[in-house]
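These notes concern the structure reproduced below.
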Amino acid sequence: MSSNKYYKVDTNKIIPFIVGPTAVGKTSVGIELAKRWKGEIISVDSRQIYKKLDIGTAKPTEEQQKLVNHYLIDVKDPGERISAGEYRNMAIDRVEKLLSKDKLPIFVGGSGMYVRAVTQGFFQGSRTDEKIRTEVQKELEKKGKEEMHARLEEIDPEYAEKIHMNDTKRVTRALEIYRMKGKPPTKLYKEQKENPPFPFVVFGLKMDRDKLYKRINQRVYEMIDMGLVEEVEKLRKQGYIETFKRIKTIGYYEVNQFLEGKITKKEAIENIKQNSRNLAKRQISWFKNQTDTNWINIDNKSQNEIIEQIEKKYRGENESPPN
């Protein structure tokens with residue numbers, strides 16, 4: 001990871017995070033909060049940070065971004081790498097700039113690792129060792145994802161339980177950390193002294209699991225109708241085929257497999273739906289176990305009712321919501 005610059009933002013404001021599983025409705029809630037609270041949004045999404053990945057990442061539309069300023073969207077080229085440490089530095093710089101303008105930064109997204117990066121930082125010595133990274137990547141290519149995940153289960157069963165074997169990025173990163181530090185990531189995280197750069201509160205949106213899965217399935221069909229296949233075709237022509245294989249972004253990876261003739265279009269759609277549901281499960285588990293989350297049940301509630309619930313909980317942290 002990139003250097004873990006020390007930050008301490010001078011603020012009396014409590015910075016809200018709006019998190020939760022994919023398709024639960026974080027974007028619309030975040031925009032409404034920002035409009036009411038004199039806020040601007042910082043995306044905490046590890047895929048929306050990439051340019052050109054629009055439809056498949058459910059990136060806020062141009063119209064939505066005109067309603068409220070959004071940051072840390074369209075920052076990196078799809079072929080570039082970004083570490084959670086680099087994201088942390090950019091995010092906290094943005095917090096300072098917004099506070100200097102008397103704007104409330106509101107983090108919105110579902111990337112648990114980025115939330116942890118911003119609020120807790122990293123244990124000392126968590127930088128990337130390129131030699132070790134190369135060794136681990138070669139082992140992945142030789143042994144396969146099943147054996148690498150099995151290795152992680154041996155050294156850190158608690159962490160392995162939270163990560164699906166298809167998430168090779170996090171599996172290999174955990175193995176890198178173990179080789180660098182000689183300790184499993186879970187132990188290192190527990191030993192880490194929390195160093196939040198500013199006061200914050202995390203609000204998680206949740207809903208009935210079956211309803212969420214229906215929303216996910218519907219969103220997949222909408223993405224196809226909006227032109228996801230055409231978006232991937234365009235990116236392939238621009239030379240991003242290896243990027244799809246490396247970062248395995250849901251939607252792009254499966255459509256790329258279809259375009260390579262490895263699966264049918266119907267199979268690609270079903271795989272996107274299944275992988276999106278699996279992602280939602282991992283996100284829910286992460287925010288339940290890794291973050292002190294204030295959960296907001298949004299079932300059968302209007303957006304106004306959801307906002308009122310958040311404001312009520314926020315009053316428990318601040319004397320009153322922002323004006």
Listed residues 162, 190, 143, 181; which is modelled with pLDDT of 90 or more and either of a type in the set (Lys, Arg) or in the same structural domain as residue 22 (by TED's automatic domain parsing) (or both)? 143
With 138, 97 as the choices, which residue is in a helix (DSSP H, G or I) and assigned by TED's automatic domain parsing to the domain that holds residue 55? 97
Tally time: how many residues in the stretch 38-62 are touching a residue at least 12 places away in the same chain (Cβ under 8 Å), over 25 Å from residue 120 (Cα atoms) and either part of a helix (DSSP H, G or I) or more than 18 Å from the chain's Cα centre (by Cα) (or both)? 1
Checked the stretch 289-313 for anything closer than 18 Å to residue 107 by Cβ and exposed (fewer than 14 other Cβ atoms within 10 Å of the Cβ); matches are 292
In this structure, is residue 250 surrounded by fewer than 17 Cβ atoms within 10 Å (Cβ to Cβ), touching a residue at least 12 places away in the same chain (Cβ under 8 Å) and out of contact with any Asp or Glu (no Cβ under 7 Å at 6 or more places or on another chain)? no
From 73, 82, grab the single residue that is of a type in the set (Val, Ile, Thr), modelled with pLDDT under 90 and not in a helix (DSSP H, G or I). 82
Residue ID - surrounded by the most Cβ atoms within 10 Å (Cβ to Cβ), chosen from residues in the stretch 147-187 that are touching a Pro at 6+ places or on another chain (Cβ under 7 Å) and assigned to a helix (DSSP H, G or I): 177
Of all residues in the stretch 245-279 being outside any helix (DSSP H, G or I) and hydroxyl-bearing (Ser, Thr, Tyr), the one that is nearest to residue 220 (Cα to Cα): 249
In this structure, does residue 232 turn out to be buried (at least 17 other Cβ atoms within 10 Å of the Cβ) and either out of contact with any Phe, Trp or Tyr (no Cβ under 9 Å at 6 or more places or on another chain) or of a type in the set (D, E, K, R) (or both)? no
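The values are calculated or read from the model by the stated rules, or taken from the named source; none is laboratory data. Quick caveat, the model's predicted, so the values are computed rather than measured. All Cβ positions, even for glycine, are placed from backbone atoms using ideal geometry, and neighbour counts span all protein chains on display.
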